[in-house]
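Bear in mind these aren't lab numbers, they're just calculated from the coordinates by the rules spelled out. Since the structure is predicted, the reported quantities are computational estimates derived from the model, not experimental observations. For neighbour counting, all protein chains shown are included, and Cβ atoms are generated from backbone atoms with ideal geometry for every residue, glycine included.
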Amino acid sequence: MSLSATAWRRLVEIVGPANVQHSPEERIAYSYDATPMLARLPEAIIFVESSPQISDVLKLANAESFKVVPRGSGTNLSGGTIPMENCVVLVTVKMDKILEIDPRNLTALVEPGVLTARIDEAAGAHGLFYPPDPGSIKISTIGGNVAENSGGLRGLKYGVTRDYVLGLEVILPTGELLRCGTKCVKDVAGYSLKDLFIGSEGTLGVVTQILLKLLPRPAARRTMLATFEAMTDAAETVSDIIAHKIIPCTLEFLDRTTIRCVEDYAKIGLPLDAEAILLMETDGHPVVVEEESARMIELAHAHHARDVRIAKDAAEAEGLASARRAAFSALARMSPTTILEDATVPRSELGAMIAFIQQTAEKYQLRIGIFGHFGDGNLHPTFLCDERNPEEIKRVHTAFGEIFQKAIALGGTITGEHGVGLAKKGFLEDFAGKAGLDVMRSLKHTFDPGNVLNPGKIFD
Amino acid sequence: MSGPNLLQQLDYSVLQQCIHCGMCLPTCPTYEATKHETSSPRGRIALMRAVADGRLAPNSPQFADEMYFCLGCLACETVCPAGVNYAEMIEYARAEVESGGAKAGAQRGLIRAFALRWLFAKPHRLRWIARFLRVDEAAGFSRAFVLLLPRRLRDLRAQQPKICDKFSFDLIRETESPRTPHRYRVGLLVGCVQDVAYSDVNRDTVDVLLANGCEVFTPRGQSCCGSLMGHNGELELARKLARQNLDAFPLGRLDAIIVNSAGCGSFMKRYRHLLPDDPRVKLWDEKVHDIHEWLVRIGIQAPRESAQPTTRVTYHEACHLVHGQKISQQPRELLRAIPGVELVELPEATWCCGSAGIYNITQPEMSQALLERKVKHIAATDALIVATGNPGCIGQIRYGAQKSGLDIKVVHPITLLARAYRGEL
Ligand SMILES: Cc1cc2nc3c(=O)[nH]c(=O)nc-3n(C[C@H](O)[C@H](O)[C@H](O)COP(=O)(O)OP(=O)(O)OC[C@H]3O[C@@H](n4cnc5c(N)ncnc54)[C@H](O)[C@@H]3O)c2cc1C
Ligand code: SF4
Ligand code: SF4
């Protein structure tokens, strides 16, 4: 099946000829996202510049029976923007204006194609702060963040994207425009529709404007790097910090394999012989930062930290944080294919989960690097393999299956932040149960009776 | 398709190294300008891989265009956590384009044959033509380049650097020894553009090396480093030139081979990829040093204190120093060591100025946009001098400053250092 002549003609009318692409090169370049081993050619790629254009495209999709996949920067890790049959990729990156920073209400109004890092920069100019900072912060779009409900390095203290979305403008799959939410901190008028769209992975509507909550920028910040001889010591340090009623903004850990890859890339003097390192950051009032960081260092030493390095200035702190953000990509230095997951467990179960992951890797003779957000129980076990070896890939999938089951058994989830997309839909029913999945399906049908918007993602 | 699929000859693991994470996108000037995945590093690599897989025809015009729209600035390589070797990929991809004939056209073919295969292939030809052109006052160096692409004639002329009165071999003896017993013995590459347009920088380089106890050997049999050909799809020719250089420099007797042009240095440090079977290349690649890198490594003599008031100097990072060779702090260190220099940081110092080899000729619009952006940042620093370690950047920024009426000197950092040693600063 391919696009009808009417569909082609109308697409060109709606977005203009320069914004409709379908050469073999363009189709290849929009066939993938950051997910390993998934790709499919779309029929066409369109670059939208306004909400009315998106509305017209979606109406056309219903009339001419083609599918639409919204796409920001294509950095998601669950196959969320992989095209399906007879589909058009709708790219939002040209809708990239920061419409308003409102210091009196502490809000920002932005278009979906704005890069996440730019929002924090713009907020910073007013002494404000946009906390969610996914590893991909410099390239991910805020639209993609909302659709995936992305987390980040500061999740422990500051929460995830959902905690900062006050309101949305959305084009529904039928082409209608819907606005939900307000600048008010308190708003209980009807169902909280915005919450339905957050994390909906581009299946319920195309987000065209986002009203975000901002915070005052913390006056002080201290970044520390603790080195451990054993993973369990790092895990216990984390538990102990939290037991002492300290909520640092960042508690990230890297295992030995990941440390080596990151150091190979970033060359910032990470200890290559350590079993684990913990990147810790606390921010807030200078006095509190002083007190908390001293306590954290003490606790790390109490759990046999070999060394705790304190970043001497903002540049060194940023160097450490960006090295951590590069962890996933840096692991690709070890092998042609890296398959990473984001199984998440309650913090108290971290030790058990890591031990299980290591055993599973051994059992299936797989090389693995583990890193992740220790503070919020969100792990990133990453298998280092080669997609040209189908037998190995099969072992990887079996291992992941067992890891997901274990995460669920420990009271955790199959995905903490990357979303279900195509990659994990086989595991969703085990996690959400039949009733949960039925509700999701009927919601999808209510919003998208023509099944035109990103169908086949999350569930079939 | 004519000839073998060159991208298929490239080790597949080099292409596979890219995990399409997208971390490189915001650092790519062509992606930033277009917001098109096809004009991003990740997109280009995907296209190359498609050609290698046989999923995309190598003679497709858009493929060719994208490969040449790329600046080759290697910003993507610096930022890529996965260690992707973009430099090698783009060379193969362009060679593929040339062998596939997608960019063929009678005129372009003739121009390439003249410029890449004839003019730059033998240093004496370039010098000869350059000398000849000098006679014609108004023409300047531009004519040789104008032949490359006759578009935008007038603009181009202004853009190309002036030919020097004397070329390097007139200014530099084959062997020059420091007054005190030498600490090191080094070879010097004079380059091609550097040689005819900036031979004074070569002289300055020799002076600075002498002042720091290095005996300098400048073999007459050396040739162009091959980067111009390598970056433009003429890999065979690049190999030939590389071999000539391997023959010309007596590796065993030299502690280092010094290069003062970022583009040449970046290419010469990768001869092992170009000539994997030549037994000399490993040692060669180890011995090639950028001048800044070498000086900081051996430690320099402090220049005499200056009586002049301090001058604000800013530093533009040539792509093939910062991204191609990861040399970023050394030039700053040298500049700071010069009495009377107040170094001020240039915003976006590592963003390409649009010179990019012959890019300013082949892609004038994108090149101009980048140049304007660069000049705007330079103007904002209030510096009187901008230092940069690559002849292409010097020419490009001089042109940009002149066009926008900005009164600023554009010089090689080594020229400033040489002047300081001579007591001219
Ligand atoms: C190196 C690396 C590190 C990462 N680190 C993190 C991390 O720390 N935390 C984390 O949570 N994620 C992380 N990710 C995953 C990814 O970056 C996030 O999911 C991000 O939010 C995706 O943004 P994007 O603009 O690339 O969206 P895309 O990948 O383009 O799209 C993601 C999903 O959103 C939908 N979508 C996009 N725009 C819209 C819109 N306007 N309206 C409706 N739907 C839309 C798409 O259809 C798709 O389903 C990382 C990825 C990489 C490669
Ligand atoms: S080149 Fe490197 S940074 Fe860019 S997408 Fe590929 S792996 Fe990621
Ligand atoms: S070399 Fe420069 S222009 Fe080319 S893809 Fe890399 S960053 Fe972009």
Distance between the range A:103-125 and the range A:245-285 - C-alpha centres, whole angstrom: 28 Å
Karplus 3J(HN,Hα) series, Hz, for the range A:377-390 with 6.51 cos²θ - 1.76 cosθ + 1.60 (x for Gly, Pro): x, 8, 9, 10, x, 10, 7, 9, 9, 9, 4, 7, 10, x
Computed [θ] at 222 nm, helices only, for the protein assembly as shown once each DSSP H run of length n ≥ 4 contributes -39500 (n - 2.57): -12500 deg cm²/dmol
Amide hydrogen neighbours beyond the local backbone of residue A:368, cut-off 5 Å, H modeled: A:384
Linear extension gain, residue A:176 paired with residue A:388, 0.36 nm per residue minus alpha-carbon span: 71.8 nm
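How would you classify the range A:44-98 from its alpha-carbon gyration tensor, with a ≥ b ≥ c the square roots of the eigenvalues: rounded for a/c under 1.5, else prolate if a/b is greater than b/c, otherwise oblate? Mind showing how you got there, number by number?
Values: a/c = 2.60, a/b = 1.07, b/c = 2.42.
Verdict is oblate for the range A:44-98.
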Residues of type aspartates and glutamates that residue B:374 reaches as a straight line, Cα spacing below 16 Å, ignoring anything fewer than 8 places off in the same chain: B:32, B:317, B:345, B:348, B:365, B:382, B:407
Cα-centred dipole magnitude for the protein assembly as shown, charges only on beta-carbon of K, R (+1) and D, E (-1), debye, nearest 20: 2600 debye
Separation of the residue B:406 and residue A:220 label points, Cα + 7 Å toward Cβ, nm: 4.1 nm
When each of A:424/A:444; B:166/B:287; A:434/A:457 is checked by Cα-Cα distance, pairs over 21 Å: B:166/B:287
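In which sequence would A:133, B:382 go, from the one with the fewest C-beta neighbours within 10 Å to the one with the most? Let's see the in-between values first.
On the way: A:133 23, B:382 10.
Fewest-to-most Cβ neighbours within 10 Å comes out as B:382, A:133.
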Average beta carbon contacts from partner chains per residue of A:21-27, 10 Å cutoff: 6
Other-chain or far-sequence residues with amide H under 5 Å of residue A:380's (modelled H): A:371, A:372, A:373
Phi-based couplings in Hz for the range A:331-347 (Karplus 6.51, -1.76, 1.60; Gly and Pro marked x): 4, 5, 5, 7, 7, x, 10, 10, 10, 10, 10, 9, 4, 9, 10, x, 3
Estimated D of the range A:5-91 in µm² per second, where Rh is the Kirkwood radius over Cα pairs and Stokes-Einstein applies at 37 °C, 0.692 mPa s: 254 µm²/s
Proximal lysines to residue A:267, defined as alpha-carbon separation beneath 22 angstrom and excluding residues fewer than eight positions away on the same chain: A:138, A:312, B:269, B:326
The range A:1-65 versus the range B:310-329: alpha-carbon centroid distance in Å: 42 Å
The range A:364-430: trypsin sites (Lys or Arg not before Pro) in DSSP coil with no more than 12 other Cβ atoms inside 10 Å: A:388
Shielding by partners - mean other protein chain Cβ count within 10 Å, residues of B:43-51: 3
Sorted peptide list for A:356-363, A:333-340, criterion being average Cβ within 10 angstrom, highest first: A:333-340, A:356-363
Virtual spin-label span in nm between residue B:8 and residue A:94, 7 Å along Cα→Cβ: 3.8 nm
The range A:9-24 - phi-based ³J(HN,Hα) in whole Hz, Karplus 6.51/-1.76/1.60, Gly and Pro as x: 4, 5, 4, 5, 5, 6, 9, x, x, 5, 9, 10, 10, 8, 5, x
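Taking a cut-off of 37 Å, what percent of all Cα-Cα pairs in chain A are separated by more than that?
Numbers: 28353 of 105570 pairs.
Of all Cα-Cα distances in chain A, 27 percent exceed 37 Å.
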Trypsin sites (Lys or Arg not before Pro) lying in DSSP loop within the range A:158-250, provided at most 16 other Cβ fall within 10 Å: A:183, A:186, A:245
The range B:56-100 versus the range A:352-408: alpha-carbon centroid distance in Å: 34 Å
Relative contact order (percent, whole number), chain A, Cα cutoff 8 Å, 6+ residue spacing: 15 percent
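Taking R0 as 56 Å, what FRET efficiency do you get between residue A:435 and residue A:5 from their Cβ-Cβ distance, rounded to the nearest 0.05? Spell out each step's value before the answer.
On the way: r = 44 Å, r/R0 = 0.79.
Here the calculated transfer efficiency is 0.80.
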Directionally averaged shadow of the range B:240-325, computed from the convex hull of its alpha-carbon atoms, nm²: 7.5 nm²
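Assuming a ≥ b ≥ c are the square roots of the Cα gyration tensor eigenvalues, decide whether the protein assembly as shown counts as rounded (a/c under 1.5), prolate (otherwise, with a/b larger than b/c) or oblate.
Verdict is prolate for the protein assembly as shown.
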Chain A: angle of helix A:350-363 to the longest principal axis, Cα-based, in degrees nearest 10: 80 degrees
Neighbour cut-off at most 11 other Cβ (10 Å), DSSP loop, GluC sites (Glu not before Pro), the range B:325-374: B:345
Value of relative contact order over the range A:122-256, rounded to a whole percent, pairs C-alpha under 8 Å and six or more apart: 30 percent
Cα shape, the range B:299-425, gyration tensor, a/c 1.5 rule: prolate
C-alpha long axis of helix A:256-266 to longest principal axis of chain A, angle in °: 70 degrees
Rough spin-label spacing in nm, given labels placed 7 Å along Cα→Cβ, for residue A:451 and residue B:180: 8.3 nm
Cα long-axis angle, helix A:286-302 against chain A (0 to 90 degrees, to the nearest 10): 60 degrees
